[in-house]
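Down below is the structure, laid out as structure tokens.
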Amino acid sequence: MNPPHRPRRLLSLLACLFPAMAALPAAATEGALGRSITGAQIQAYAGIVPPEPGMQWSLGYLHYDGEIGASRPAPIAGRVSLGLRADMDLWSATGVYVWPTGEGRWNFASMVTAPYILPKVTATLDAGAVQRRVSDSASNWFDLYFAPVIASYHISPVEHVSYGLYVYAPTAKYDPDKLANPGLNVWTFSPSVGYTHLFQKGTLEFSVLGAVDFYSRNDDTDYKNAPVWRLDTMLVKRTANGWGFGVVGGWLQQLGDDSGPTADRLGGFRGQSLGLGPILSYGKKWSGGQHLDLSVRYVTEFNVKNRFKGNPLMVTAGFGF
């Protein structure tokens, strides 16, 4: 069985690096976002590694503006803030190498992402008997993100499943006394499973991506994030002229309580969120094998507890030569 003919796509799951509220040691994972943003992890054809070997590339941009209301205390920089607000821009460059394994049932790839982040954080902190509103910002490289191996199994020409272990390394700068930091100061390991089913002769795609984010302890703040389970879905209808339109959804659920002195003061600060929004894409492939794939999505978060609530805007551009 050979997998179906299709454009060469970036299957790096680029959005997994968009957790980028590296700045915020707060609710429901330290930083109130952790490594993942609702509905931003999944990319097109999440279950497929293509058979064509070689390098593929993508560029990404994410804007996130969210807040935790003043009625909810949140931990940050080893202290407790009455409400938080965060504004973040994240740019990224991703390279994916597809191994030359041919058009069998299995295909393999490896990927690495270099992200750059500009976070701005505003908190309300106690200063003796009064409260003061404090803002901080940063601009630097974010934590490096990579997957040594992504394996894809082609169940049939229309059904595909992928397996990968994605790793975030604490490579960025971190200062426990700052509100805004370029890095999270923890390792994160995210075993992931993707599934793609193609309908209507391949023009209708349904993809699902499930994963669990496991965090190491932040030794500088003595804060340990509990694992976060996440599920993203995507339904996209593509037309003959290259345009695609559909919907993406996401569900983040923390599986336990955070631990450490600050987390204990706040009852573990276990978080969750749901998100839903539209996605628009455009793809073009040339006779020489070159291709370009563009995508933009806008997600509205709701049913949020102990996390930032906002509206992620994400743009990606994938290309191959």
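Points to keep in mind about this one:
- Projected label distance in nm at residue 259 and residue 212, using a 7 Å step from Cα toward the beta-carbon: 1.5
- In plain terms, the residue of 314, 88 with the fewest other Cβ atoms within 10 Å comes first and the most crowded comes last, giving 314, 88.
- Inter-centroid distance (Cα atoms) of the stretch 156-172 relative to the stretch 304-321, Å: 17
- Where labels lie 7 Å past Cα in the beta-carbon direction, separation of residue 91 and residue 137 in nm: 1.5
- Between residue 245 and residue 114, residue separation times 0.36 nm minus the direct Cα-Cα distance comes to 44.3 nm.
- Pairs of Cα atoms nearer than 8 Å and 6+ residues apart set the relative contact order; for the stretch 217-321 it is 22 percent.
- Local electrostatic count, residue 315, Cβ distance below 14 Å [Lys/Arg +1, Asp/Glu -1]: -1
- Across 173/309; 178/305; 173/284; 173/224; 120/237, pairs whose alpha-carbon gap is larger than 30 Å: 173/284; 120/237
- All other residues whose Cβ lies under 9 angstrom from that of residue 245 are scored, Lys and Arg at +1 and Asp and Glu at -1, for a net of +2.
- Dividing the mean sequence gap of close Cα pairs (under 8 Å, 6+ apart) by how many residues the stretch 199-247 holds gives a relative contact order of 37 percent.
- Remark: spin-label model distance residue 284-residue 200 equals 2.3 nm, labels positioned 7 Å along the Cα→Cβ axis.
Every number in this text was worked out from the coordinates using simple rules, so none of it is lab data. Everything numeric in this text was worked out from a predicted model, so none of it was measured. Don't worry about glycine lacking a Cβ; one is built from the backbone with ideal geometry, like all the others, and counts go over all protein chains shown.
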